[in-house]
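What follows is a single structure, written as structure tokens, with notes after it.
The values are calculated or read from the model by the stated rules, or taken from the named source; none is laboratory data. Quantities reported herein were computed from a predicted structural model and do not represent experimental measurements. Glycine also receives a Cβ, built like all others from the backbone with ideal geometry; neighbour counts cover every protein chain displayed.
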């Protein structure tokens, strides 16, 4: 049997011949993808599993399921009794949703303007946004702190929202520009000929770029929710802490509450898992279509 051997596959009423080499290649790719999925999921499962154990159970058998001797819910109890987790959770939700709203609205408007209006400095402005994707905003931490102090926004959620919006806008604009370029020019010209105002023309194009908006919302959510750097320096007080920063209160110099730490990490990851499970199709379609065009 050689590599030229083929396999017959019945599709409906027709029989299609598939080369054995293609079958083996597809099997190898699927096996490799399964390995990567396991590598991504197993650490998460280990964290969730150990959040239901005692500290000796975590270190004694970290890969074992909780049993009668190690099962313990004290970590979750400590999260809500000792910590400020409810407030942390609410702060993270407020900051994340506000950032997503501002990023999608401003990014969509800016991308439409850069694509639709042919001005001399348009390519230069678009280039600045591309550079903004490559430069990490953390390089400007000191100027950001000085700006927030001057604006009397230090230690507020507003400071986080503004910084995160500025951080996510370059990528959002670059992604949305690829979608607006695919909108048929005839559609927009027909609307203008019929007397539609420019904002109305913009509204007509929005349904056609909806996958891009979903992709922007998805890629904005993850780094904002998981960020530790800016909450630590811009909103460190107990009333303004986010989930990521609030988790640190269970890690001390002399005593670490590992069950509570893992429980807090598990609870903090729940919104991301749920939202990604719901919008994963739009996320993948938006990114693949946007970057591929």
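Quick rundown of the values:
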item: Flag if residue 82 is without any contact (Cβ under 8 Å) to a residue 40 or more places away in the chain and more than 24 Å from the chain's Cα centre (by Cα); result: no
item: Residue within the stretch 27-50 that is surrounded by 13 or more Cβ atoms within 10 Å (Cβ to Cβ) and over 30 Å from the mean Cα position of the chain (by Cα) present; result: no
item: Residue in the stretch 25-35 that is modelled with pLDDT of 90 or more, out of contact with any helix residue (DSSP H, G or I) (no Cβ under 8 Å at 6 or more places or on another chain), within 30 Å of residue 258 (Cβ to Cβ) and in a helix (DSSP H, G or I) present; result: yes
item: Only listed residue being in a helix (DSSP H, G or I) and either surrounded by fewer than 18 Cβ atoms within 10 Å (Cβ to Cβ) or at pLDDT 90 or above (or both), chosen from 125, 154; result: 125
item: Every residue from the stretch 61-70 that is exposed (fewer than 13 other Cβ atoms within 10 Å of the Cβ) and either out of contact with any helix residue (DSSP H, G or I) (no Cβ under 9 Å at 6 or more places or on another chain) or more than 16 Å from residue 47 (Cβ to Cβ) (or both); result: 67, 68, 69
item: Those residues of the stretch 128-151 which are surrounded by fewer than 17 Cβ atoms within 10 Å (Cβ to Cβ) and either at pLDDT 90 or above or on the phi > 0 side of the Ramachandran plot (or both), in sequence order; result: 141, 142, 143, 145, 146, 147, 149, 150, 151
item: Scope the stretch 73-85; condition in a helix (DSSP H, G or I) and either crowded, with 18+ Cβ neighbours inside 10 Å or modelled with pLDDT of 85 or more (or both); matching residues; result: 74, 75, 76, 77, 78, 79, 85
item: Among (1) part of a helix (DSSP H, G or I); (2) farther than 30 Å from residue 237 by Cβ, the one test that residue 101 misses; result: (2)
